[in-house]
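Asker: Submitted below is the structure of interest, expressed as C-alpha cells.
Just so it is clear, none of the values below were taken in a lab; they were calculated from the coordinates. Remember, it's a predicted structure, so these values are computed and weren't measured experimentally. FYI the Cβ positions are ideal-geometry reconstructions off the backbone, even for glycines, and counts take in every protein chain you see.
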Amino acid sequence: MDEAAYELVSPPARKADILFVCDHASNRVPEAYGTLGLEEGQFAAHIAYDIGAAQVTRALAAAYGAPAVLAKWSRLLIDLNRGADDPTLVMKLSDGRIIPGNRDADGAEVEKRLELYYRPYHAAIAEEISRLREDGVVPTIISMHSFTPVWKDFKRPWHVGVLWDKDGRLARPLMAALARAGFTVGDNEPYKGELENDCMYVHGTGNGLPHVLIEIRQDLIATPQAATAFARQLKPIIDEALAQMGPPAIRYTRSLPASEGAPPMDEKTRTELEAAAFRRLVAHLRTRTDVQNIDLMNLAGFCRNCLGDWYREAAAEKGIALDKDQAREIVYGMPPAEWKKRYQTEASAEQKAAFERASSSEAVGKK
C-alpha cells in the first residue's frame, strides 16, 4: 500500500529553471479512508480533483525537462492549496454535498492528515526549491489547476485564468501572451490569487520567487489527449512570457513590519548577502587607517549599523527589499530598539570625543 503524500517527477537532466506543482492532481483516497462515505462516481467530479491538471503538468514538465511535484491524494482528504489553519482545509461540505468521512473530523484527525499528507507535500516543494537554489538557480514556480465551465448557472467565459497576488512579473506577460494567442483570459478569475498561506503564497511569495497559478477550463483538457495537446499549445506561450519577464531574481513583494523581522530567505541567499556585506566592511576598514583610535565600544556600534546598511544594499542588488530596521535586526540578532533597551548606555565624554574625531577623519577622507 503506497501512502506517499506526493509524486515527484524528476527529469534525467534539468533543462529549465522551472518547478511545476499540481495541488489537486489526484482523485484517490488512502485505503484506510475508503471512499469518505461518498459514491465512487463522485470521485470523477471536480469536487475530488482538478480534471486534466495532472496530465498538463506532466506534459509541461516533460517538455521543459523540469521537475514537478504533484499531489497523490484527493482534495477531499485534505486541500493542499490552503493554509494549515484554513477552515476549508478539510471540507465537510463541497458543492452542496456532505462529505460523510469528513463530517466528524476533529482536531486530532485534521492534525493526523496534516502530518501524513499535507506537510510532506509542502516539504517536497520546499526541498526542490532548496535544491535548485543550491545549484545557483532562482526557480520560477508554475502551479497548474483547472476549473469547471459552469458554476451556479454562470457560464464561465474564460479559457484560462491567471491567478497572482502582488508579484506580477510572470502573470502580466503571461496574460498578454495568452490573449495574443486567441485565448479569453481571466485576470484573477475565476478565483483570486491572494489567499494568504495558499501554496503559491508560501513557496512563491514567501521565498521571493517569480510564480504564477494557471487555471484551465476543464472542458478543454477533459481527456488525456486533450490535456497533452493543450500543454503543447501552452508551452510557447509560457516561453514568450518567461522571455518578457527577464532573468528570475528574488524579489519580496509583501513587506513585513520591522517587528516581524526580515522576510524569510533560503540559506544560499542569506550566505550570499552576508558575504557581500563582509566584503563591504573589509573594503571600508582598509581605507580607515585611524581605526586604531576608535575605542572598542564605538567600533562595535559603528560596525553593527554599517553592516546593517551594507546588508540592505546587498539585498537590494538581488531584488530583496529590506528596510533599515529589518536589516539591522539581522545584524543585532533582535530588533534594534530591543537591543538598545537591554544594552545601550549613555556614552562617556571620552567616548563621544573619540567618535567625533573618527567621524571628522572619515569626512576629511571622503573630500
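Asker: Helix 224-245 sits at what angle to the longest principal axis of the chain, using alpha carbons and giving 0 to 90 degrees rounded to 10?
Answerer: Tilt of helix 224-245: around 20 degrees.
Asker: Can you give the extra length, in nm with one decimal, that the chain gains between ALA4 and ASP309 once fully stretched, where that is 0.36 nm per residue apart less the Cα-Cα distance?
Answerer: Working: separation 305, 0.36 × 305 = 109.80 nm, distance 4.57 nm.
Answer, rounded to one decimal: 105.2 nm.
Asker: Using the per-residue mean of other Cβ atoms lying within 10 Å as a proxy for protection, in what order, highest first, do the peptides 20-27, 48-55, 160-167 fall? Don't jump to the answer; show the numbers that get you there.
Answerer: Details: 20-27: 25.9, 48-55: 24.2, 160-167: 22.0.
Top to bottom by mean Cβ count within 10 Å: 20-27, 48-55, 160-167.
Asker: Ok, one more. Can you give me the Cα centroid spacing of segment 1-58 and segment 301-344 in angstrom?
Answerer: Segment 1-58 and segment 301-344 have Cα centres separated by 44 Å.
Asker: Continuing with this model, one more query. Before rounding to the nearest 500, sum -39500 (n - 2.57) across all DSSP H runs of length at least 4 in the chain and divide by the residue total; then give [θ] at 222 nm in deg cm²/dmol.
Answerer: Working: 12 runs with 154 residues, N = 367.
Estimated from H runs of four or more residues: -13500 deg cm²/dmol.
Asker: Estimate the FRET efficiency between ALA44 and GLN233 by the formula 1/(1 + (r/R0)^6), using the beta-carbon distance for r and 30 Å for R0, to the nearest 0.05.
Answerer: On the way: r = 25 Å, r/R0 = 0.83.
Using R0 = 30 Å, I get an efficiency of 0.75.
Asker: Among [x] 25.6, 84; [y] 22.2, 70; [z] 23.8, 75, find the value of Rg and Dmax of the Cα atoms in Å that was calculated from the structure presented, and write down its label.
Answerer: [x]
Asker: Here is a further query. Between THR271 and ALA249, what is the FRET efficiency for a Förster distance of 22 Å, r being their Cβ-Cβ separation, to the nearest 0.05?
Answerer: Numbers: r = 17 Å, r/R0 = 0.76.
Result of the calculation: an efficiency of 0.85.
Asker: So, one more: Scan around LEU19 for amide H atoms under 5 Å from its own, H built in the peptide plane at 1.01 Å from N, and keep only partners 5 or more places away or cross-chain.
Answerer: For LEU19, the qualifying residues are THR140, ILE141, ILE142.
Asker: Right, another one. Give the share of C-alpha pairs in each 5 angstrom bin for segment 22-85, from 0 to the last occupied bin, in whole percents, shortest bins first.
Answerer: Bins of 5 Å from zero give 3, 19, 25, 21, 16, 10, 5, 1 percent of pairs.
Asker: Counting only other residues whose beta carbon sits under 11 Å from that of ALA25, what net charge do I get with K and R as +1, D and E as -1?
Answerer: My count for the surroundings of ALA25 gives +1.
Asker: Same structure, new question: Compute the relative contact order of the chain as a whole-number percentage, counting only Cα pairs closer than 8 Å that sit 6 or more residues apart in sequence.
Answerer: Numbers: 591 pairs, mean separation 57.6, N = 367.
Averaging sequence separation for qualifying contacts and normalising by length gives 16 percent for the chain.
Asker: Check ILE216: other-chain or 5+ apart residues with amide H under 5 Å from its amide H, H built from backbone geometry?
Answerer: HIS145, SER146, PHE147, GLY161
Asker: Using θ = phi - 60° and the Karplus curve 6.51 cos²θ - 1.76 cosθ + 1.60, what whole-Hz ³J(HN,Hα) does each residue of segment 169-183 get, with Gly and Pro shown as x?
Answerer: 3, 9, 4, 5, x, 5, 4, 5, 5, 4, 5, 5, 7, x, 8
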